[in-house]
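Just below is one structure, and these are the notes that go with it.
Nothing in this text is a laboratory measurement; each read-out follows from the coordinates by a stated rule. Because the structure is a prediction, the values reported are computed rather than measured. Positions of Cβ are backbone-derived with ideal geometry, glycine not excepted, and every protein chain shown enters the neighbour counts.
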Amino acid sequence: MTELDANLIHVIDDDDAFRRSLVFLLESVGWQVVPHRSAEDFLQACPNQPPDLGCIVLDIRMPTMSGLELQQRLRGEGWTAAIVFITGHGDVELAVQAMKRGASDFLEKPFKDQALIDAVATAVRRASKDRADSARREQALARLARLSPREREVASRIARGLPNKQVARELDISEKTVHIHRQHVMEKTEVGSAAELAHLMLQADPRALD
Amino acid sequence: MRLKRIVPTPLRSACLLAALLILPAGLFAVVRQPLHIGVLAYLGEEVAEVEWAPMAKRLAIALPSHSVELVLLDHEGMRKRATEGRLDFIITNPGHYVELEAELGASRILTLDSDGGGNPAHAIGSAVITRTGRDDLTRLEDLRGRRVAVVSKEAFGGYQVVWREWQALGLAPDSALLELREVGFPMDRVFQAVRDGEVDAGIVRSCLLESRPELDGVFKVVGARPQEGYPCEVSTRLYPDWPIATLRHTPPALARQVAIALLALPAGENEPTWAVPADYQSVHELFRELQIGPYAYLRAPTLMALAERYWPVLAAMLTLLVGWVLYTVRVEHLIHIRTSALRDALAERDAIQERMRKDQEQADHLARLSVLGELSGTLAHELNQPLATIGNYAQSLVRRADAGRLTEAATREAAGEIAGQAERAAAILGRIRAFAKKRIGQREVREVAALVSEAIDLFRGMLAQAPEVELQDRLPPGRTIEVDGLQIQQVLLNLLKNGYDACRELPETRRKLIVMLEPYPAGIRIAVRDHGPGLAPAIRERLFEPFLTTKPDGLGLGLSICQTIAEAHGGRLSGEAASDGPGMIFTLVIPDHD
């Protein structure tokens, strides 16, 4: 249940009874739920994206700041949070708009309990993966940052699988120097092979070897 | 040569003088009658004077009772004077003579015998000349497409004689020649034009070339033909020499006297001598062939001749006519197009306005009518909230119970919420019923048929592909009822829409709806019948329950509200399967209002 513990579900809906029912339902399957009466309340509670944010369940229509507006604002501030929208009758167009802007899912009221639970689970998984990817990228970048500019040139060629001889020719240095650089690269980035190095570079930047 | 002849010599003058002097003195006492001889001065009066004065003098001697006067004239002048009776004789060229013969009754008495002993009947012809060395021009027909100079187109020996030859060869000068240039008298200008290369050839009278030794070798005669006994090269047939002729009023005795006198004139060298009148038939033939002079009438009136003569004008007129016709047709066409475009545009505008008006009317009507319309949007949203909430709690309870984690507190919380939301939903429905009921009471007397027709029109207007709706009216004409018209139409719209929805997937023949109006004890009956698949008995029993629906997007409130309306009117609404074939019949009974 680490997934459930590490990921808080924030529910934002202006209808008190319905919001309570959402909390009741999500808690039934073990999620930790934080209810908010409005988008403004949510922003006050979470000025920055909380590290334990699993996903946001968001009513699309609310009196002051609408769900769409909140989505827009969070995106603008660089939040990566997954959002599951809940729409009332006839709000499908709005929902489509929300999906185009990167919403994880949308549900039309009334919905089956399983639909909401699945949508939240998917969103949370996506958020976890994003978080993990992001952490890995940070780590990889940190390891690669230890290299000197020359070592970085050598590293990218090694990662592409070029033999020392060719690296030497391309950089106009002796093969022996390449050999020394290579050893430094491996030590600094803590990798044991050219393949591992390539993997690391791709983690840092998926287009590193294009 | 005439020019040679007319040169007076001192000797001749002396003789004449002597002749005059020896006349008997007594004769001079007689009053002489004037005798006017008109002479064609085709080379100018001076030349003519020189040429003819000697003859006149000798004639005067021969005719002591007359005073002879030469009148030197051009063609027109001679014609005019002769017409006025102011000439007794005329001396002119054969062509002109023949013309006047026809016009004024001129009658030749003698023909000039230029060569004194030659053949006066074959004295005049024409020579077509070109520069020596023009080997491409040897025959008269070689002049086709060339430039030719003449003194005048009216000239007999200077043009018309050659014209006849060309015509005989099938060459029409007006069209076949590149140019027929009139250079005017004297004829020397023709030589000049040919020599200067302005033209390819020229036409001069026969023997004129031979009389000019200085031109020897410069020119040659085109199409020269041998003429026995003729001293010059000639390109044409020969015609008689000039005649002297009387006119109608000339006394025959005088004519005889003059003829005798002239014949008696001594034939001296270079003197004009006269011979018996020649046959001028050949001149007639020429004119007839060319259809000129006295034979111009031959040319006049045939349509073909006119067309040939005036073809450029005709062509121009025809072109103008065709152009005008085309223009007119085009303008008509454009007018037609523009008119119809305009008409279409106007019709379209009218149609749009009409549609807008209808749409507006319909919108107004529906706005007033549509209980459901007013409800559906907000109602659906409002009902959604309690329904979704109830669903969530109920499902959560099941889920927790399944997981064995259902606590009493949770059950109590959920049940309380569910009850609360049920009340919330009931309150919403209560508002609807109250709303529907509130609308009743605005009763008005309406003609049933009109009320129903209006509802049918409204229904058809709402749909893009409206089905056929047949109205079977079995009510007495003009049957009225006192109802809230809008409400009753609302019910009818609902029933029609249900019927339409039931048959939407069916072939067109089964989509027809029938509305029947029938009398009912103390009221009327309106039935709406469709030919759809009908409803299952289980559904049929619960037709008017709220939220019961067979439509994917239906709310299940339509018939419920309709029934409320019917009841508010003291009537009822019922539905049953049709006895004759598939489909449902919904019947609205409305009693007369007290």
Full-extension gain in nm, residue B:504 to residue B:169, via 0.36 nm per residue minus C-alpha separation: 111.2 nm
Going by average Cβ neighbours within 10 Å, how do the peptides A:150-159, B:338-347, B:153-162 rank, with the highest at the top? B:153-162, A:150-159, B:338-347
Give the average, rounded to an integer, of partner chain Cβ atoms located within 10 angstrom of each Cβ in B:283-291. 0
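Let me make sure I get this right: for the protein assembly as shown, a, b and c are the square roots of the gyration tensor eigenvalues over alpha carbons, sorted descending. Under 1.5 in a/c it's rounded, otherwise prolate if a/b > b/c, else oblate. Which is it?
Numbers: a/c = 6.87, a/b = 2.52, b/c = 2.73.
Oblate shape, in that a/c is at least 1.5 and b/c is the bigger or equal ratio.
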Calculate the mean, over all residues of peptide B:393-406, of how many other protein chain Cβ atoms lie within 10 angstrom of the residue's Cβ. 4
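For peptide A:113-122, compute the average count of partner chain beta-carbon atoms within 10 Å of each residue's beta-carbon.
Numbers: counts 8, 2, 0, 2, 2, 0, 0, 0, 0, 0.
For this peptide, the per-residue mean of nearby foreign Cβ atoms is 1.
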Long-range HN-HN contacts of residue A:62 with modeled amide H, under 5 Å: A:67
Can you tell me the FRET efficiency between residue B:518 and residue A:138 if r is taken as the Cβ-Cβ distance and R0 is 60 Å, rounded to the nearest 0.05? 0.15
Please find the FRET efficiency linking residue B:344 to residue B:468, where r is the Cβ-Cβ separation and R0 is fixed at 41 Å, and quote it to the nearest 0.05. 0.90
With r as the distance between the Cβ atoms of residue B:324 and residue B:253 and R0 = 56 Å, compute the FRET efficiency 1/(1 + (r/R0)^6) and round to 0.05. 0.25
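Among B:231-240, B:518-527, B:100-109, what's the highest-first ranking by average C-beta atoms within 10 angstrom per residue?
On the way: B:231-240: 21.5, B:518-527: 15.5, B:100-109: 18.8.
Highest mean packing first, the order is B:231-240, B:100-109, B:518-527.
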Out of residues 5 or more away from residue B:112 or on other chains, whose amide H comes under 5 Å of its own, with H placed 1.01 Å from N in the peptide plane? B:242, B:244, B:275
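So how strong a dipole does chain A carry about its Cα centre when Lys and Arg Cβ are +1 and Asp and Glu Cβ are -1, to the nearest 20 debye?
Values: 28 positive and 32 negative charges, 238 e Å.
The calculation lands at about 1140 debye.
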Would you mind pulling out the separation of the Cα centroids of segment B:97-114 and segment A:159-210, in Å? 134 Å
Within segment B:136-168, backbone nitrogen closer than 15 Å to the virtual label 7 Å beyond the Cα of residue B:74 toward Cβ: B:151-156
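Using a ≥ b ≥ c from the Cα gyration tensor of segment B:125-238 (square roots of the eigenvalues), is it rounded, prolate or oblate, where a/c under 1.5 gives rounded and otherwise the larger of a/b and b/c decides, a/b for prolate? Display every interim value, and only then the final one.
Working: a/c = 1.30, a/b = 1.11, b/c = 1.17.
Judged from the Cα gyration tensor, segment B:125-238 comes out rounded (a/c under 1.5).
By its C-alpha gyration tensor, with a ≥ b ≥ c as the square roots of the eigenvalues, how is segment A:2-134 shaped: rounded for a/c under 1.5, else prolate for a/b larger than b/c, else oblate?
Values: a/c = 1.32, a/b = 1.11, b/c = 1.18.
Here segment A:2-134 falls in the rounded category.
Cross-link list A:112/B:497; A:100/A:129; A:129/A:165; A:109/B:497: which exceed 28 angstrom alpha carbon to alpha carbon? Kindly include the intermediate steps, with their values, before the conclusion.
Working: A:112/B:497 31 Å; A:100/A:129 21 Å; A:129/A:165 40 Å; A:109/B:497 26 Å.
Over 28 Å Cα-Cα: A:112/B:497; A:129/A:165.
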